[in-house]
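Undergrad: This structure is in structure tokens; I'll ask about it shortly.
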Amino acid sequence: MRGYYTADEVRAAEAELFERVAAGVPMRRAAYGLAAVVAAELRARTGGIAGRAVTVLVGSGDNGGDALWAGSMLRRRGVAVTAVLLAPERTHRAGLTALRRSGGWVRGATDAAAAELLGRPDLIVDGIVGISGRGALRPRAAELVAASAAPIIAADLPSGVAPDTGAVDGPAVRAAVTVAFGAYKPVHALAAPWCGRIELVPIGLQLPAPKLAALEPAAVGRGWPVPHAHDDKYSQGVTGIVAGSATYPGAAVLCTGAAVAATSGMVRYCGSAAAQVVEQFPEVIAAEDLSSTGRVQAWVFGPGAGTDDAARELLSRILATAEPVLVDADGLTLLAATPELVTRRTAPTVLTPHAGEFARLTGREIGADRVSEVRALAQEWRATVLLKGRSTVIATPGEPTLINEAGGSWAATAGAGDVLSGVIGALLAAGCSPGRAAAAGARVHALAANLAAHAGGDTAAPVSASPLLRHLRPAIRTVRSLSER
């Protein structure tokens, strides 16, 4: 798993590191890594390093020191380096001395030519603030960043973006590349569009087991259920789907089709869209009502299922069973009025809200700290909660919180959530734990959306839920192939 560490956790690890190594060593390690990434980016973008120009935006404190030391290293490789100091009286002295000794130029942020300097370099390094930064960029820093015409490489995190929540509440740096020092921070997943590509530079931190983590694609592939020598259609898990209606038959087709694609067991469907489901997926076993559905290992309830009294009664019956249950869409609307249907359960429950549904369940709009809010709801309802988004957050009481950064927003389309529900439901039926089923399903769902968006070539195009569904098996194949390398 890839761990993400809060500012306090990183500071604690840094304090331990400072006792093990000589003064200045951690900063030199960070600076060396930053300089290496900048040099590689110069080479990739311009074809060379010597003779290129880099401007470094330098704030106070150690983040500015990292950037200044990196600038001195780049200067020794023939790069023309200019540092623009945003807080001259609080600039890291050793880093500034190193840059000057290497032949770098220094300007104050109030210098009339400072903004012009930002329009000319090949790259800009953001060393304004690090993990101690709070809030948006200050006015002068915001002006200089706005004047920047070149791609920006952020030192540790983009300035103006909150390190622990990824929140942006004003002017901030939007980086092409972010060089993370020592550890990934929550910002790197929660605010990925502001970070660009993430490069991790080890500096020797000894980190504890993470409280926030992401499943690596290869790990998803290793854990994906596939048939073994003595398996049959029953032993691989039977998924029960209650979805769709005369008004929304497509929800039933998408959700059930996703369950069919995700694993090799059996899918049973119960609902009024049986004819449409079986026409699309003849391998599905359809039943007229819950009593005739047959035995299942996990249930999915909600997409397009309705919110009337009959749907409420059906949801109540399903949640009274001993099987894992995933509740989505209309089911979440029903639960907002009857949370005790979940909070009194002893069997696993997975809730998969988007932001609007999350607000219905909690009675409030979700705030800037999405991770804490998802954890709180999971703890209160004693369930696994998956909050949808480009950065999907999955919390299960007593377990590390999982996060899936999709790498894009191609799954932001009607019906995509129905597909996700079917995938996770099938994984639950196959015996995966709720948190891992949710995280693995989210990873493959995001990959399927990206594959669908790029299916016509290198240039991506918007997709709908149907092509996303068709790319589920290629996405599963991809993560399984990574696990075999």
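Undergrad: Got a number for carbon plus sulfur as a percent of the chain's accessible area, 1.4 Å probe?
TA: Reported share for carbon and sulfur atoms: 51 percent.
Undergrad: Taking amide H positions as placed 1.01 Å from N in the peptide plane, with prolines and chain starts having none, which residues 5 or more places from LEU326, or on another chain, fall under 5 Å of its amide H?
TA: TRP299, VAL300, PHE301, VAL350
Undergrad: On to the next question. Between the alpha-carbon centers of the stretch 52-114 and the stretch 403-471, tell me the distance in whole angstrom.
TA: Rounded to whole Å, the Cα centres lie 44 Å apart.
Undergrad: Which FRET efficiency value, to the nearest 0.05, do you get for HIS228 and SER466 by plugging their Cβ-Cβ distance into 1/(1 + (r/R0)^6) with R0 = 30 Å?
TA: 0.45
Undergrad: Given the -39500 (n - 2.57) contribution per DSSP H run of 4+ residues, what per-residue ellipticity at 222 nm results for the chain, rounded to the nearest 500 deg cm²/dmol?
TA: One gets -12500 deg cm²/dmol as the mean residue ellipticity at 222 nm.
Undergrad: I'd like the per residue volume of the convex hull spanned by the Cα atoms of the chain, given in cubic angstrom.
TA: Roughly 157 Å³ of hull volume per residue.
Undergrad: Right, another one. Assigning unit charges at the beta carbon (Lys, Arg +1; Asp, Glu -1) and nothing else, what dipole magnitude in debye, to the nearest 20, does the chain show about its Cα centre?
TA: Here the chain has a charge dipole of around 1740 debye.
Undergrad: I would also like to ask the following. Using the scaling law 2.2 N^0.38 Å as the reference, what is the normalised Cα Rg of the stretch 2-211? It would help to have the intermediate numbers written out before the result.
TA: Working: Rg = 15.7 Å, N = 210, 2.2 N^0.38 = 16.8 Å.
Rounded to two decimals, the normalised Rg is 0.93.
Undergrad: What ranking do 291-299, 252-260, 324-332 get when scored by the average of other Cβ atoms within 10 Å per residue, highest first?
TA: Descending mean neighbour count gives 252-260, 324-332, 291-299.
Undergrad: Hey, can you grab everything whose amide H is under 5 Å from the amide H of ILE203? Only 5+ residues off in sequence or another chain; H modelled, so Pro and N-termini drop out.
TA: Sorted by chain and number, the residues that satisfy this are GLY182.
Undergrad: Please work out the Cα center distance from the stretch 212-278 to the stretch 1-49, rounded to the nearest Å.
TA: 43
Undergrad: Quick query: amide H of ARG107 versus all other amide H atoms, modeled in the peptide plane; which residues come in under 5 Å with a sequence gap of 5 or more or a different chain?
TA: Here ALA83, VAL84, LEU85 satisfy the definition.
Undergrad: Each residue of the stretch 282-287 in turn: what ³J(HN,Hα) in whole Hz from Karplus with 6.51, -1.76, 1.60 and θ = phi - 60°, glycine and Pro shown as x?
TA: The phi angles translate into x, 6, 6, 9, 9, 10 Hz.
Undergrad: Provide the per residue accessible area, probe 1.4 Å, for the chain, rounded to a whole number of square angstrom.
TA: 41
Undergrad: Output ³J(HN,Hα) for the stretch 394-402: one whole-Hz value per residue in order, computed from phi by the Karplus curve 6.51 cos²θ - 1.76 cosθ + 1.60 with θ = phi - 60°, and x for Gly and Pro.
TA: Result, ordered by residue: 10, 10, 10, x, x, 10, x, 6, 10 Hz.
Undergrad: Tell me, what ³J(HN,Hα) does each residue in the stretch 201-211 have, in order and in whole Hz, if you take phi through Karplus 6.51 cos²θ - 1.76 cosθ + 1.60 with θ = phi - 60° and put x for Gly and Pro?
TA: Result, ordered by residue: 10, x, 10, x, 5, 9, 10, x, 4, x, 8 Hz.
The values are calculated or read from the model by the stated rules, or taken from the named source; none is laboratory data. From a predicted model like this one, the values you see are computed outputs, not experimental measurements. No Cβ is skipped: glycine too gets one built from the backbone with ideal geometry, and neighbour counts run over all protein chains shown. Keep in mind that these areas ignore ligands, DNA and RNA; they rest on the heavy atoms of the full protein, side chains included. Shrake-Rupley method; radii C 1.70, N 1.55, O 1.52, S 1.80 Å.
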